[in-house]
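Participant: Can you read through this structure? Questions will come right after.
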Amino acid sequence: MGVRYETAWQWYKAGTIKGQQMPTGTIIIDAPLETAPRPVPQIAIYARVSAAENRSHLEAQAERLITYCEAKGYQIAQVVKEVGSGVNDQRPKFLQLLASSAITTIVVEHQDRATRFGFPYLETLLAQQGRRIEVVNLAENGREELVSDLVAMVYSFAARLHGQRRAQRKTTAIQAILESGD
């Protein structure tokens, strides 16, 4: 019925619900409790590959997840497919899923499909919202993709460093122009 036995016991003692107490102490409720209908869980599938050349793997991954959800009896509300590195924290489709409070469960094939780092943070934050992320396959993934993500991470950090150096050069040039204009 969706209530704990302590709550039902308090309702019985208060006369809110009708029932009979047996000699053993067991209480039998005469009429079923009327409870509000439970909302249907909104399940979203999230499939991701690191590079565009793996797009065929993306489709196969999404199909495996659909089959899994159907076998578990889930009603799939959304199937999201994205191409992008797991170390990239600016994947718009995944961010949209995380921001949508309507989605109660996000189903991924491996933890690294959601993120390479900080997966427990995602789980904890979603749990605080009454939501969850369900991982189908907890086994480790292949080494090639891990190496690819490592290269992507080094590239990302190198690009950030290069951008910072360029910004510093621009600032120095602007200062020189301003100082010479005095």
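FYI, it's all coordinate maths here, none of it is from the lab. What you are looking at is a predicted structure, and each value in this text was computed from that prediction instead of being measured. All Cβ positions, glycine included, derive from the backbone under ideal geometry; neighbour counts span all protein chains shown.
Participant: What is the antiparallel percent of DSSP beta bridges lying wholly in the chain, to the nearest 5? Each step should come with its number before you reach the end.
Facilitator: Details: 3 of 17 bridges.
Restricted to the chain, the bridges split so that about 20 percent are antiparallel.
Participant: Say the dipole of the chain comes from +1 at the beta carbon of Lys and Arg and -1 at that of Asp and Glu; which of Gly25, Leu58, Val154 then lies farthest toward its positive end?
Facilitator: It is Val154, whose Cα lies furthest towards the positive end.
Participant: Using a 10 Å cut-off on Cβ atoms, rank the peptides 49-62, 14-27, 150-163 from the highest mean neighbour count down.
Facilitator: Values: 49-62: 15.1, 14-27: 9.9, 150-163: 11.9.
Packing order, densest peptide first, comes out as 49-62, 150-163, 14-27.
Participant: If you don't mind, there's one more thing I want to ask. Exposure proxy check: Asp89, Asp30, Asp112 ranked by fewest other beta carbons within 10 Å? Please list the in-between numbers first.
Facilitator: Values: Asp89 14, Asp30 8, Asp112 20.
Fewest-to-most ranking of Asp89, Asp30, Asp112: Asp30, Asp89, Asp112.
Participant: What residues qualify as long-range amide H neighbours of Ile17, i.e. H under 5 Å apart, gap of 5 or more or another chain, H built at 1.01 Å from N?
Facilitator: For Ile17, the qualifying residues are Tyr12.
Participant: In addition: Computed from these coordinates, which is Cα Rg over 2.2 N^0.38 Å: (i) 1.66; (ii) 1.84; (iii) 1.18?
Facilitator: So the structure-derived entry is (i).
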